[in-house]
Amino acid sequence: MVNASKAVMEFADAIYEKILHIQTTAMEFHEKLQSLAMKEGLKGSKVSRALESFSWNITILKGQADLLKHAKAEVEENMKQVHDAALTGNLSKKGGGLRRVRSQTGRGPDDTASA
């Protein structure tokens, strides 16, 4: 899960920008679509369906961009919570992996209480 979250955080902005660029390009193309469809011999309801379908696809792109943006924000929040939980639980990343660090009492997990 952590690796997937890192991938989302790393690649989401670039993918989001690409989706917005494609959406902008599609909107520009949409303005010319009716005349292009008529040049290709589409008439009446076929032109309307083509325009409607193309508009729907643009809407889907916008929705996917919004979902990606929200997913990145959610992943960032989840990673922050994991980090905060690790700090609260006295966990620290040192060396090869996660281990318990000494608490403020000066005893670590291997120390025994001497009475």
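The values are calculated or read from the model by the stated rules, or taken from the named source; none is laboratory data. Keep in mind it's a predicted model, so treat the numbers as computed, not measured. Here the Cβ positions follow ideal geometry from the backbone for every residue, glycine too, while neighbour counts run over all protein chains shown. Please note that ligands, DNA and RNA were not included when accessible areas were found on the heavy atoms of the full protein model with its side chains. Shrake-Rupley method; radii C 1.70, N 1.55, O 1.52, S 1.80 Å.
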Subset tally (residues that are polar (S, T, N, Q) and free of Cβ contacts under 8 Å to residues at least 40 places away in the same chain) for segment 8-33: 2
Please identify the pairs in which a residue from segment 59-84 that is polar (S, T, N, Q) has its Cβ atom under 8 Å from the Cβ atom of a residue that is at pLDDT 95 or above, counting only partners at least 6 apart or on another chain. GLN64/ILE19
For GLU31, the lone unmet condition from (1) exposed (fewer than 12 other Cβ atoms within 10 Å of the Cβ); (2) within 30 Å of VAL82 (Cβ to Cβ) is (2)
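With respect to HIS83, determine if the residue is open to solvent by 90 Å² or more (accessible area, probe 1.4 Å), out of contact with any Asp or Glu (no Cβ under 8 Å at 6 or more places or on another chain) and either at pLDDT below 90 or of a type in the set (A, V, I, L, M, F, W, C) (or both). Walk me through how you get there before you give the answer.
Values: open to solvent by 90 Å² or more (accessible area, probe 1.4 Å): yes; out of contact with any Asp or Glu (no Cβ under 8 Å at 6 or more places or on another chain): yes; either at pLDDT below 90 or of a type in the set (A, V, I, L, M, F, W, C) (or both): yes.
In short, yes.
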